[in-house]
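Working notes, beginning with the structure itself.
Only the coordinates and a few stated rules stand behind these numbers; no lab work does. Keep in mind the model is a prediction, meaning the values are calculated, not measured. Quick reminder, even Gly has a Cβ in these numbers, built from the backbone with ideal geometry, and neighbours come from all protein chains shown.
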Amino acid sequence: MSTTPPVLAAELAAAWADIQRHHPELPDLAAPESLIGESSSACGTGLSFERLLHEAVHGIAAARGVRDTSRAGRYHNRRFLAIAEELGLDHPEEPHPSSGFSLVVLTPDTRRRYRPTSERLQRALKAYSAATETDTGRSFRGPAARHGSSGGGVRVKAVCDCGRNVRVVPSVLAQAPIMCGACGKQFRIPAEALPAEMAASAEPIPVG
């Protein structure tokens with residue numbers, strides 16, 4: 001039995017809530033669906049519980065008004081590392097020249113604390129991957145997917161003023177704002193990134 005994006009989003013929300021139980025100041029995750037798509041930020045592209053905890057560090061930094069990154073959100077500074085250590089993450093190596101302390105990992109104690117939550121999320125991710133991989137080159141997906149219409153669920157790049165970006169289905173962003181964990185502002189879809197038929201009638205998406 002395969003899972004679907006809403007099911008995976010629910011598991012992401014449940015895992016986020018588990019982190020909140022240990023760290024109550026962590027803000028709510030406005031749109032778990034935003035993490036399902038590809039991300040090109042310095043936080044990494046692989047979706048996992050470790051990545052989710054990394055995003056929680058940004059969430060707490062935003063709640064505290066702490067500037068935890070620089071260089072358009074790419075470089076993770078020592079303020080990021082200090083909060084990461086509070087959440088049970090470690091960076092055993094020297095900072096990376098371009099991404100700083102971005103590559104934090106779970107400590108053994110943190111891995112044990114969240115093991116049931118992490119394993120449940122991992123099962124959902126595997127099921128989601130298996131479901132999406134069944135769409136092979138022999139499948140006919142119709143003109144919406146071939147021509148880039150959002151009606152086919154095609155993701156476009158949503159950007160934040162601080163330089164971070166995520167890929168998201170436009171209809172998901174229309175349902176509720178997706179907030180940046182680094183600076184607290186809203187992600188927006190530039191008009192030039194929308195399919196032509198949507199860009200002509202698109203309303204500007206506010207930021208902040």
Give me the distance in nm between label points sitting 7 Å out from Cα along the Cα-to-Cβ direction at residue 72 and residue 131, one decimal. 3.5 nm
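Quick one: net charge of residue 118's neighbours, Cβ under 15 Å, K/R +1, D/E -1? All intermediate terms of the calculation are to be shown ahead of the outcome.
Working: positive: 21, 51, 111, 112, 113, 115, 120, 123, 126; negative: 11, 18, 50, 55, 109, 119.
Cβ neighbours under 15 Å give a net charge of +3.
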Please report, for the Cα atoms of region 66-121, the Rg to one decimal and the Dmax as a whole number; what are they, in angstrom? 12.6, 36
